[in-house]
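Undergrad: Dropping the structure in here first, questions after.
Derivation of every value follows stated rules applied to the coordinates shown; laboratory data play no part. From a predicted model like this one, the values you see are computed outputs, not experimental measurements.
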Amino acid sequence: MKKTFVILVFAGLLFGAGACNNTAQKDAKETAKPKGKYYCTMHPEVTADKPGTCSKCGMDLVERDTTGK
């Protein structure tokens, strides 16, 4: 009985610590500022400060929505 209780407490601590860690990472991603004002819809990592074309696929870069949901 005592062994089962110790195992359950340990498992609870592990799951609790994991949940706290994910929240911190999620908050950091949400507050990250986008790199450029324009981006490629097929390759979001390709950004620029002015209109242009994607260096990977040649598509036009579109303006990023900065209204903030």
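Undergrad: Please work out how much length the chain gains when fully extended from C57 to K2, using 0.36 nm per residue of separation minus the C-alpha to C-alpha distance, in nm with one decimal.
TA: Contour length minus Cα-Cα distance gives 13.6 nm.
Undergrad: For F15 and D65, compute 0.36 nm times the residue count separating them, minus their Cα-Cα distance, and round to one decimal in nm.
TA: Net length gain for the segment: 14.4 nm.
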